[in-house]
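Structure first, commentary second.
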Amino acid sequence: MIYIHATGIHNTIPTSGQPDLRAELKAMGADNRRSDHFMRLAVIGAHKAADGHELPAETAVYMTSGQGNTAVFNRICSALRIEKNLPKPVDFINLLSNSTGFYIASHLGLAGRNIFLTHHHFPVQMTLLTAQNDITQGLQQTILAGGVDEWQTRPQLARKLMGIEETTVLGEGSNWLLLSPERENALAVLEVEKRCINEEELTLRLRAESKHHDITIAFAPKITKSQAARFMNQYPSFKRHNYEAACAYYETLAFYALNSFIAAHKKGRLLHIDCGTNGYMLMTVEIIP
Amino acid sequence: MDELIKELKIKLIDTLNLMDVTPDDIDENAQFVGGELGIDSIDVLEMVVMIEKDYQVTINNKEIGEKVFSTLTALAGYISENSSRFSS
């Protein structure tokens, strides 16, 4: 169990290519001629979570992404394989996942642990689980944890790689949480389930949750509409967090689901349900009134 | 040579993504690395790759590099001496 002290939400549904973020970044005093769209996106979200907070220099940055910095990866592949040229050195540097973390840390003046985590099914849950473990064990006192995914410039290919329907609208987002073991001044409590659970365990868990008041459920995009409807019918006292109405698909949407719930509620408890090949993964957020 | 310097100024801005800098802002005789433009070693690496790609001129040792990247004029001089594009 760890505490959420701030949220940073940057969530957009681009209509014609990746939006230009430079003006916004410039206003934050964070424009950097070597950063690219993915990095700008990351810095904007992290800045929003850190804004108004005096972060200790040893604050850690734990970042994840479903797709990563695909634009720079595509440019490097194109230079090497198609143009048969050397890639631009800055592109090569920026290809390292942690370069983005470096730009965030530089902008916020942080010198703590800086890691980029990735996971095939649960990038958000695994990042928050790592943060939860490190805070619980006293290894970290403050962690800025976030998920970043840019709008894909080759949407059809991206949909195929992500295993989603051809009609799914793609979005982009950079959503961050400021985490610590301190309850004082916290917005909410976060708990990430340590393992995947099966259908039976999920039923028991939902039954137990139904004894609480003011329960809201958020379903990850992998939960089908019929599954979601079935859960909601079984537990009519649960409300649904319809975060999907304000966003399009990207792989770290779970961060947006949690952040948008905290931003919109002064009390209540959110249960986020995701699924993978090994079962269901749960996260709960309880607002501190 | 003047044309090449003009061309290099545009390529410099484009390659290094120098924000809010115009070709007129660049003094071709000013110190290139560590000068007002904020050019550093990573930028020099970018320029080496660009020069090899666009002019087929290789800068592959430190001594030549230090001489060539002292000013934009020196860079233009080295390219015009070594590129087949200017060898007629």
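Somewhere in segment A:133-144, is a residue touching a helix residue (DSSP H, G or I) at 6+ places or on another chain (Cβ under 7 Å), open to solvent by 10 Å² or more (accessible area, probe 1.4 Å) and either at pLDDT 95 or above or farther than 15 Å from A:L270 by Cβ (or both)? Within segment A:133-144, one or more residues are touching a helix residue (DSSP H, G or I) at 6+ places or on another chain (Cβ under 7 Å), open to solvent by 10 Å² or more (accessible area, probe 1.4 Å) and either at pLDDT 95 or above or farther than 15 Å from A:L270 by Cβ (or both). Within segment A:30-53, the set of residues being in contact with a His (Cβ under 8 Å, 6 or more places away or on another chain) and either open to solvent by 60 Å² or more (accessible area, probe 1.4 Å) or among the hydrophobic types (A, V, I, L, M, F, W, C) (or both) comprises A:A30, A:L41, A:V43, A:I44, A:A46, A:K48, A:H53. Scanning segment A:29-39 for any residue that is among the charged types (D, E, K, R), within 14 Å of another protein chain (Cβ to nearest Cβ) and not in a loop (DSSP other than H, G, I, E, B) turns up nothing. The set of residues in segment A:51-98 that are touching a residue at least 40 places away in the same chain (Cβ under 8 Å), out of contact with any helix residue (DSSP H, G or I) (no Cβ under 9 Å at 6 or more places or on another chain) and part of a loop (DSSP other than H, G, I, E, B) comprises A:D51, A:G52, A:H53, A:P56, A:A57, A:E58. Of the residues making up segment B:2-42, not one is within 14 Å of chain A (Cβ to nearest Cβ), of a type in the set (D, E, K, R) and touching a Pro at 6+ places or on another chain (Cβ under 9 Å). In segment A:264-273, the condition of being surrounded by 21 or more Cβ atoms within 10 Å (Cβ to Cβ) and in a helix (DSSP H, G or I) is met by no residue. Taken over segment A:70-94, the criterion of being within 26 Å of the chain's Cα centre (by Cα), within 14 Å of chain B (Cβ to nearest Cβ) and open to solvent by 60 Å² or more (accessible area, probe 1.4 Å) is satisfied by A:R75, A:F92, A:I93. Evaluation of B:L18 against the conditions (1) assigned to a loop (DSSP other than H, G, I, E, B); (2) closer than 19 Å to A:I93 by Cβ; (3) touching a Phe, Trp or Tyr at 6+ places or on another chain (Cβ under 9 Å) shows that the sole unmet condition is (3). Scanning segment A:191-222 for residues that are farther than 21 Å from A:I262 by Cβ and in a loop (DSSP other than H, G, I, E, B) yields A:K194, A:R195, A:C196, A:N198, A:S210, A:K211, A:K222.
Annotation: A:S99 fulfils all but one of (1) open to solvent by 40 Å² or more (accessible area, probe 1.4 Å); (2) within 14 Å of chain B (Cβ to nearest Cβ); (3) closer than 22 Å to A:A50 by Cβ; the unmet one is (1). Residues of segment A:30-42 that are free of Cβ contacts under 8 Å to residues at least 40 places away in the same chain and over 21 Å from A:I13 (Cα atoms): A:D31, A:R33. Among the residues of segment A:6-18, those identified as touching a residue at least 12 places away in the same chain (Cβ under 8 Å) and open to solvent by 30 Å² or more (accessible area, probe 1.4 Å) are A:T7, A:I9, A:N11, A:T12, A:I13, A:Q18.
Only one of the numbered conditions (1) open to solvent by less than 80 Å² (accessible area, probe 1.4 Å); (2) small (G, A, S); (3) within 23 Å of A:I76 (Cβ to Cβ) is violated by B:S41, and that is (1).
Test A:V148 against the criterion of being at negative phi, open to solvent by 40 Å² or more (accessible area, probe 1.4 Å), in the same structural domain as A:A6 (by TED's automatic domain parsing) and of a type in the set (A, V, I, L, M), and give yes or no.
Working: at negative phi: yes; open to solvent by 40 Å² or more (accessible area, probe 1.4 Å): no; in the same structural domain as A:A6 (by TED's automatic domain parsing): yes; of a type in the set (A, V, I, L, M): yes.
No.
The set of residues from segment A:236-263 being closer than 25 Å to A:E165 by Cβ and assigned to a loop (DSSP other than H, G, I, E, B) comprises A:H241, A:N242, A:C247, A:A248, A:Y250, A:E251, A:T252.
Look at A:R183 and say whether it is at pLDDT below 95 and open to solvent by 70 Å² or more (accessible area, probe 1.4 Å). So A:R183 does not fit the description; no. Within segment A:109-126, can one find any residue that is closer than 23 Å to B:M47 by Cα, surrounded by fewer than 18 Cβ atoms within 10 Å (Cβ to Cβ) and either out of contact with any helix residue (DSSP H, G or I) (no Cβ under 6 Å at 6 or more places or on another chain) or more than 14 Å from every other protein chain (Cβ to nearest Cβ) (or both)? Within segment A:109-126, not a single residue is closer than 23 Å to B:M47 by Cα, surrounded by fewer than 18 Cβ atoms within 10 Å (Cβ to Cβ) and either out of contact with any helix residue (DSSP H, G or I) (no Cβ under 6 Å at 6 or more places or on another chain) or more than 14 Å from every other protein chain (Cβ to nearest Cβ) (or both). Scan segment B:49-88 for residues that are open to solvent by 30 Å² or more (accessible area, probe 1.4 Å) and within 14 Å of another protein chain (Cβ to nearest Cβ) and the total you get is 6.
The values are calculated or read from the model by the stated rules, or taken from the named source; none is laboratory data. Only a predicted model underlies this, so the values are computations on that prediction, with no experimental measurement involved. With ideal geometry, Cβ positions are generated from the backbone for all residues, glycine too; neighbour counts draw on all protein chains shown. Just the protein is used for accessible areas: all its heavy atoms, side chains included, with ligands, DNA and RNA removed. Shrake-Rupley method; radii C 1.70, N 1.55, O 1.52, S 1.80 Å.
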